[in-house]
1. Full extension from GLN33 to HIS254: what is 0.36 nm times the residue separation minus their Cα-Cα distance, to one decimal in nm?
2. At what distance in nm do the modelled label points of ASP278 and GLU118 sit from each other, each positioned 7 Å from its Cα along Cα→Cβ?
3. For THR40, what accessible surface area do you get with a 1.4 Å probe? Give it in Å², rounded to 10.
4. Which percent of the accessible heavy-atom area of the chain goes to carbon and sulfur, probe 1.4 angstrom?
5. Report the accessible area of ASP264, computed with a 1.4 Å probe over the heavy atoms of all protein chains in place, in Å² rounded to the nearest 10.
6. Taking loop as defined by DSSP and a crowding limit of 13 other beta carbons within 10 Å, which trypsin sites (Lys or Arg not before Pro) in the range 171-253 fit?
7. In Å², what does the accessible area per residue of the chain work out to with a 1.4 Å probe?
8. Which residue fluctuates the most in the chain, going by a Gaussian network model with Cα springs under 10 Å, if the choices are GLY63, GLY43, GLY228?
Amino acid sequence: MSFRIDMTSSSHIAVSEESQIGFARRRVAEICQRISADKTFWGKAAIVVTEMARNLVQHGGGGEIVIREIANAACSSLELLALDKGGGIRNLAESLRDGFSTAGTAGNGLGSIKRLSERFEVFSQPGQGTVIWSRLCVVKPCSESHDFETTGISVADQREEVCGDGWEVSELGGVLRAMVVDGLGHGPFAGEAAREAIAVFRSQATSGLASTLKRIDQALTKTRGAAGAIVEICPAKREITVAGVGNISTRLLHDGTSKSFGCDNGTLGTGVPRIREDTQPWAPGSILIMHSDGLKSHWNELEYPGLTRRHPGLIAGLLYRDFRRERDDVTVLVARHSQ
């Protein structure tokens, strides 16, 4: 069985005042109409993003909503993140009750988001803010099962309309392959390099990682070039193999430990002389995190108790919220074996 998520940039919307709640709702409505004709789905998404945005304004001191659309043959869906650095939620269990409110509103809030979502998670710390993650599927949740839960965020530099980063995953026979690529610079030309790299990655599903990167190196000679890394996880062999060129960070988290993998020096597209593969043991329950240099690398998952038990979508959102560089494209990819 093969599973593939297309490389897509995520939309992000700043929400700090009441007027921006309507803007967020209209933006999500445009996306919903593009991926589905199901008006019930449209309505669910409108309620969820409205409640997320209202929560940011009333409780989070403002924040950001990140939207990722997934449209493929297996399942069309929407992933929504609400990110703030406010006071956090004091009593999460109470706040998740449908109808509960601390702001004198109708009190639909988090309870309605949870009820309408196919998947839903919240992570909140007193004084540090809240991350809310929701997945909405068209008609019904995706029935096709996969061995890995994988998701990612790619957001453009705030000065650009096109993201120069990208990510892609494929799953074949229970083996996961994941790639993160960062086109040099920003804007359309960086995006062109990222898209070309992803296209080669898709065409090399069974090739070795180093040979795939060599093909990408050759294909990117007509572009400005890129940094890129590919990871393969084989649960049957309990192995992880990593190969990369340039400044892409790769970490494997397991049971309170963190293992980092390095990349070879150079730039894909310039004739990299040598690309090495590094194979290490992999343990069930491990979490793979890959990101471009648009995310600061000094993060420590131990500062977020229980984070590694959360869905990859929430983990990606939290890292993006707390460690994004302000003037750069950023991509974060998180994957976990479903066991």
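1. Once the chain is fully extended between GLN33 and HIS254, it gains 75.6 nm.
2. 3.6 nm
3. The accessible area comes out at roughly 90 Å².
4. Working: 6670 of 14470 Å².
The C+S portion of the solvent-accessible surface of the chain is 46 percent.
5. Spelled out: ASP264, probe radius 1.4 Å, area about 10 Å².
6. Hits after loop and neighbour filter: LYS237, ARG238.
7. 43 Å²
8. GLY43
The values are calculated or read from the model by the stated rules, or taken from the named source; none is laboratory data. Keep in mind the model is a prediction, meaning the values are calculated, not measured. When we count neighbours, we look across all protein chains shown, and the Cβ atoms used for this are built from the backbone with ideal geometry, even at glycine. Heavy atoms of the whole protein, side chains included, go into the accessibility calculation; ligands, DNA and RNA do not. Shrake-Rupley method; radii C 1.70, N 1.55, O 1.52, S 1.80 Å.
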